[in-house]
1. Looking at (1) in a loop (DSSP other than H, G, I, E, B); (2) touching a helix residue (DSSP H, G or I) at 6+ places or on another chain (Cβ under 8 Å); (3) surrounded by fewer than 24 Cβ atoms within 10 Å (Cβ to Cβ), which is the one condition that is false for residue 300?
2. Being surrounded by fewer than 18 Cβ atoms within 10 Å (Cβ to Cβ) and touching a residue at least 12 places away in the same chain (Cβ under 8 Å) is the filter here; which residues of the stretch 597-611 pass it?
3. Looking at the stretch 133-150, which of its residues are crowded, with 24+ Cβ neighbours inside 10 Å and over 16 Å from residue 62 (Cα atoms)?
4. Quick check: is even one residue across the stretch 584-597 within 14 Å of residue 620 (Cβ to Cβ) and either out of contact with any helix residue (DSSP H, G or I) (no Cβ under 6 Å at 6 or more places or on another chain) or at pLDDT below 95 (or both)?
5. Has the stretch 9-21 got at least one residue that is at pLDDT below 95, more than 30 Å from residue 362 (Cα to Cα) and in a helix (DSSP H, G or I)?
6. If you scan the stretch 256-297, which residues turn out to be out of contact with any strand residue (DSSP E or B) (no Cβ under 8 Å at 6 or more places or on another chain) and crowded, with 17+ Cβ neighbours inside 10 Å?
7. Which pairs turn up if I take residues in the stretch 380-392 that are at positive phi and look for partners that are surrounded by fewer than 22 Cβ atoms within 10 Å (Cβ to Cβ) and in a loop (DSSP other than H, G, I, E, B) with beta carbon separation below 6 Å, at least 6 apart in sequence or on another chain?
8. Hey, any hits in the stretch 455-463 for a residue that's buried (at least 17 other Cβ atoms within 10 Å of the Cβ), under 23 Å from residue 592 (Cβ atoms) and in contact with a strand residue (DSSP E or B) (Cβ under 6 Å, 6 or more places away or on another chain)?
């Protein structure tokens, strides 16, 4: 039987395990990336491992999240990351060079290679035929040190694209349709591969938009073939030598196949507050719009920017609308300036933001109270914009541009003929904002520069013989990492200061949670389905660790967060009978006798006493994860194995 694209890359990089769905596999990682909101912690962890130099083919540290410098904290973190990169063999993308996923796609992504990044939208590079996955910072640190990256072997889903997108219908509408069908938890444990005749009509930037938002499905990653479209993009980037053709075998087998006719799609939007709450723009109707933001790692390519500029040419932004535009990279920004697109946007009344994540991660541009904000971003979780009652809709650049002019949510198909945008044969190449590391012979001369905001990460303890702690929080389904550890301009600067961050843990769900944890000293969190969806931020595990959380019991977990809990030494368990979730109350005591022995033995079901009842809890950990829990987290486990 033939192999899928992902299976071919996995097979070529398999270091341990069998390619059986659900089985633990260890993969050799060719490239890594970090960003500044997660990078400080990742490099502290890398230092703690004691490995002097990265062992990957390419590792890149990007500064793109915490670029709003209202105090010394972000600047100090950037300086720390830059010095770590210089010393340890990592390329450093300076502030202003662009969003990690956009820059990596342009300058470093290679078909057939593996990439993990401490950002959940790392699958963007799947648009180039790369096996690119989001991961926790500690997993990235281990990979930089030469260790394998472990995941459960995913199932394979094929999305068969036919037809061709109509005018004003874009790649964003494709992934919104996938989300409408599969939901935010429909991709868990799966790799989504795109195929069919329709893919030939999609450029690499369009493909990258689609794979980027595959993160919102909960998928391990998403991937396109590497074909002549890929070759043309690499050639235009001066990197044709990186091209390798890559396609699935004709007799490859998939666990699920979904057919989408591109020509049947219409402009769509994800309504507040979930990326899968998708309707067509026509169905939603002409609601008043207060703000429009165009950019993020999903829709900030040159193709997107030129499309918006053409739609705004000779027009003026509606007086009731604030329009902000953030190009995805310095390359995009330069080329917009050269061709006149930037002048067009400025003339129309757009506010030009820097090449960074910015408002997508809550760094500025919060909407007015109760305001409707149309964003070409990937997430619209409640409160993520920085305005608690803001109503965020996720839309395409075409819908955003049309609505910015009319002042209401507008279907651009009403506007007549669409602009025809052709990507250039040659992109502007100027990597002067990417700093190479010091030569290995000079690395000992490099000083690591630390600021006072950088605190040590919390130390996990091995699982006790008897686990007994009170339920300090009970939450519902689809709890995001934004719920657990909020983003935003007020909190993000303290990503390297776990003690301070702990004051904000679960603040949106229960503002008393941090104080309750500190008073109790230890505790358990109970959650619903798809617990921990969203970002790869390991802070959503490290902060609960600091607060004394010993276990999280949920109906089900998002992949990256479950791995981060294990890495932090927190035991993730699921209800064997989801109905038992309803019987658990805040303040109940959970007790598991012989917990350490049961986990070490490989017991798949643990018997727990909760509030006077006996409840069966599943422990779906691999043998390696059980050893990590036994050791008290991945860092302790890695040190033990390095010393061995």
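1. The number of the failed condition is (3).
2. 597, 600, 602, 603, 604, 605, 607, 609, 611
3. Once the filter is applied, which keeps residues that are crowded, with 24+ Cβ neighbours inside 10 Å and over 16 Å from residue 62 (Cα atoms), the stretch 133-150 yields 133, 138, 139, 142, 143.
4. No, because not a single residue in the stretch 584-597 is within 14 Å of residue 620 (Cβ to Cβ) and either out of contact with any helix residue (DSSP H, G or I) (no Cβ under 6 Å at 6 or more places or on another chain) or at pLDDT below 95 (or both).
5. no
6. Matches in the stretch 256-297: 265, 274, 297.
7. Between residues of the stretch 380-392 that are at positive phi and residues that are surrounded by fewer than 22 Cβ atoms within 10 Å (Cβ to Cβ) and in a loop (DSSP other than H, G, I, E, B), the close pairs are 383/508; 386/366; 386/488.
8. Scanning the stretch 455-463 turns up no residue that is buried (at least 17 other Cβ atoms within 10 Å of the Cβ), under 23 Å from residue 592 (Cβ atoms) and in contact with a strand residue (DSSP E or B) (Cβ under 6 Å, 6 or more places away or on another chain).
The values are calculated or read from the model by the stated rules, or taken from the named source; none is laboratory data. Please read these numbers as outputs of a predicted model, since none were measured by experiment. Because the Cβ atoms are built from the backbone with ideal geometry, glycine has one as well, and the counts that use them run over all protein chains shown.
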